[in-house]
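Undergrad: This is the structure I want to talk about, given as structure tokens.
Quick note: the coordinates plus some simple rules give every number you see, no bench work behind them. Computed from a predicted structure; not experimentally measured. Here Cβ is always computed from backbone atoms with ideal geometry, including for glycine, and neighbour counts include all displayed protein chains.
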Amino acid sequence: MIVYHGSIEQVETPEIREANRALDYGNGFYTTTSEEQATLWVRRKLKGTGGKGYVNVYEWDEACASGLDVLHFTEPTEEWLDFVMANRTDMNYHHAHDIVWGPVANDRVYAAFALYEGGLLNKQELIKELKTYVLVDQLLFHTLRSLACLKFKEAKEVCL
């Protein structure tokens, strides 16, 4: 399967990096099956810089991942919501999954999350709302073992 990683640099050798902010699925190397999503991420990072970035393309060997701990959310569920909220609200939260795959909590989703956090939506109402959105996916490669399942193919230049 082909996956994409948007960056301001070419990333031939992915790394597990500690984030300076809370992310949906924790620390690691984020990819998506949507080239469009990766391109949008690069353009957002480049906004106002006039620079260039890259959509890095990888082959993900799913057979390699068969022996790994893969947590896969196919849609927004209570379990997904609890997992994302734990990661986003507690910088000290850690999980042991090698790969986490599921919906991206994008800006529109964050607005709905804010309503939930503010007590204006309950968990079931939030999930019902989120299921009306067209959500792209993200795959977090959380461990060195999981990164071994990625093979760099190319880096496509993105300019503003």
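Undergrad: Give, rounded to the nearest 20 debye, the magnitude of the charge dipole that the chain has about its Cα centre when Lys and Arg contribute +1 at Cβ and Asp and Glu contribute -1 at Cβ.
TA: For the chain, the charge dipole is close to 580 debye.
Undergrad: Could I ask something else about it? Which lysines does K153 reach when only Cα atoms under 23 Å apart count, and residues fewer than 8 places away in its own chain are ignored?
TA: Leaving aside lysines fewer than 8 places away in the same chain, those within reach of K153 are K45, K52.
Undergrad: Fewest first, what order do Y116, Y133, Y54, Y25 take by the number of other Cβ atoms within 10 Å?
TA: Y133, Y116, Y54, Y25
Undergrad: Based on alpha-carbon centroids, what's the gap between the range 1-31 and the range 85-160 in Å, whole number please?
TA: Here the two parts' Cα centres lie 12 Å apart.
Undergrad: Something else now. Using just the helices of the chain, give the 222 nm mean residue ellipticity in deg cm²/dmol: DSSP H runs with n ≥ 4 each add -39,500 (n - 2.57), and the total is spread over all residues, rounded to 500.
TA: Result for the chain, helices only: -8500 deg cm²/dmol.
Undergrad: If you plug each phi of the range 70-76 into the Karplus form 6.51 cos²θ - 1.76 cosθ + 1.60 with θ = phi - 60°, what whole-Hz ³J(HN,Hα) values come out, in order, with x for Gly and Pro?
TA: Working through the residues one at a time gives 10, 9, 10, 9, 7, 7, x Hz.
Undergrad: Can you give the longest stretch of the chain with no exposed loop site, where a site means trypsin sites (Lys or Arg not before Pro) in a DSSP loop (not H, G, I, E or B) with at most 11 other C-beta atoms within 10 Å?
TA: 48-160
Undergrad: Please work out how much length the chain gains when fully extended from E117 to Q10, using 0.36 nm per residue of separation minus the C-alpha to C-alpha distance, in nm with one decimal.
TA: 34.8 nm
Undergrad: OK, next. So which cysteines of the chain have no other cysteine's Cβ under 4.7 Å from theirs?
TA: C159
Undergrad: Using the 2.2 N^0.38 Å rule of thumb for compact globular proteins, work out how the chain stacks up: its C-alpha Rg over that value, please.
TA: 1.05
Undergrad: With unit charges on the beta carbon (Lys/Arg positive, Asp/Glu negative), name the residue among V55, T13, V84 whose Cα is farthest towards the positive pole of the charge dipole of the chain.
TA: Of the options given, the answer is V55.
Undergrad: Give me the net charge for the shell around L68: Cβ to Cβ below 9 angstrom, other residues only, Lys and Arg +1, Asp and Glu -1.
TA: -1
Undergrad: Further question: Below 8 Å between Cα atoms, with a sequence gap of 6+, how large is the relative contact order for the range 1-77 in percent?
TA: 44
Undergrad: May I pose another question? Under a Cβ-Cβ cut-off of 10 Å, what is the net charge of the residues other than T143 that fall near it, where Lys and Arg count +1 and Asp and Glu count -1?
TA: -1
Undergrad: If contacts are Cα pairs under 8 angstrom and at least 6 residues apart, what is the relative contact order of the chain in percent?
TA: 37
Undergrad: Net charge around Y25, counting only other residues with Cβ within less than 12 Å of its Cβ (Lys, Arg = +1; Asp, Glu = -1)?
TA: Computed value for this residue: -2.
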